[in-house]
1. Go through (1) closer than 26 Å to PHE9 by Cβ; (2) in contact (Cβ under 8 Å) with a residue 60 or more places away in the chain; (3) open to solvent by 60 Å² or more (accessible area, probe 1.4 Å) for GLN130 and report which single condition fails.
2. Mind listing whichever residues of region 1-49 are open to solvent by 80 Å² or more (accessible area, probe 1.4 Å) and of a type in the set (Lys, Arg)?
3. Based on what the data block shows, is GLY82 outside any helix (DSSP H, G or I), farther than 20 Å from MET126 by Cα, over 15 Å from the mean Cα position of the chain (by Cα) and not basic (Lys, Arg)?
4. Test LEU98 against the criterion of being touching a residue at least 40 places away in the same chain (Cβ under 8 Å) and within 27 Å of ALA141 (Cα to Cα), and give yes or no.
5. Please list, ordered by first then second residue, the pairs with beta carbon atoms under 7 Å, 6 or more apart or interchain, first in region 50-68 and at negative phi, second among the aromatic types (Phe, Trp, Tyr).
6. Please go through region 37-67 and give me each residue that is under 21 Å from HIS92 (Cα atoms) and of a type in the set (Val, Ile, Thr), ordered by number.
7. Take the residues in region 96-124 that are open to solvent by 80 Å² or more (accessible area, probe 1.4 Å) and part of a loop (DSSP other than H, G, I, E, B); name whichever of them is nearest to LEU5 (Cα to Cα).
Amino acid sequence: MSERLAKMFAEPSEDAGPDWSDREAVIAYYLDGERAFAGSIPLDEPRLRRIIGRAYDRSPDMSAAQNHWMLQGAEPVRDRLGEIRVPALVLHGTEDPLFPYGHGEALAREIPGAKLLPLPGVGHQMPPPQTWNTAVPAILAL
């Protein structure tokens, strides 16, 4: 994990999140998260604002998306990756601050026949439109 992100996780936050009933506060909260995990490809904030707003408008409870951090007790799956028998493509940002690129390399090595597609300038995020000319054909080629 990057030093910047490790520091962010280590510093206790007194902020319990936004006022989940305030659409603009929720959008700002999610944009802050996108910034924290992004690589060097500039975020298209107007586009992200529209996407987050649409998610807010259709969601009965946006705060529920935050509870995956509370999950505990799952079994490790690394020793089962070799059982995967379907085509696998590992898309991994070269600037991922949470799971450095070596994690993507290791994952691709563990899955039989997996292909690794590095996404230059991408962090821990969905592939931004700037990568779609590379990512989409690779996905379709599976």
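1. Here GLN130 meets the rest and fails (1).
2. Answer for region 1-49, where residues must be open to solvent by 80 Å² or more (accessible area, probe 1.4 Å) and of a type in the set (Lys, Arg): ARG4, LYS7, ARG23, ARG35, ARG49.
3. It is false that GLY82 is outside any helix (DSSP H, G or I), farther than 20 Å from MET126 by Cα, over 15 Å from the mean Cα position of the chain (by Cα) and not basic (Lys, Arg).
4. For LEU98, the condition - touching a residue at least 40 places away in the same chain (Cβ under 8 Å) and within 27 Å of ALA141 (Cα to Cα) - is not met.
5. ILE52/TYR30; MET62/TRP20; MET62/TYR56; SER63/TRP20
6. Once the filter is applied, which keeps residues that are under 21 Å from HIS92 (Cα atoms) and of a type in the set (Val, Ile, Thr), region 37-67 yields only ILE41.
7. Restricting to residues being open to solvent by 80 Å² or more (accessible area, probe 1.4 Å) and part of a loop (DSSP other than H, G, I, E, B), the top hit is PHE99.
Here is a yes/no grid of residues against (1) of a type in the set (D, E, K, R); (2) within 20 Å of PRO18 (Cα to Cα):
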{"residue": "SER40", "(1), (2)": "no, no"}
{"residue": "ASP44", "(1), (2)": "yes, no"}
{"residue": "ARG49", "(1), (2)": "yes, yes"}
{"residue": "PRO76", "(1), (2)": "no, no"}
{"residue": "ILE84", "(1), (2)": "no, no"}
{"residue": "PRO100", "(1), (2)": "no, no"}
{"residue": "GLU105", "(1), (2)": "yes, no"}
{"residue": "GLY123", "(1), (2)": "no, no"}
{"residue": "PRO127", "(1), (2)": "no, no"}
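The values are calculated or read from the model by the stated rules, or taken from the named source; none is laboratory data. Given the structure is predicted, the values throughout are model-derived calculations rather than measurements. Counting neighbours? That spans all protein chains shown, and the Cβs are built from the backbone with ideal geometry, glycine included. Accessible surface areas use protein heavy atoms only, side chains included; no ligands, DNA or RNA. Shrake-Rupley method; radii C 1.70, N 1.55, O 1.52, S 1.80 Å.
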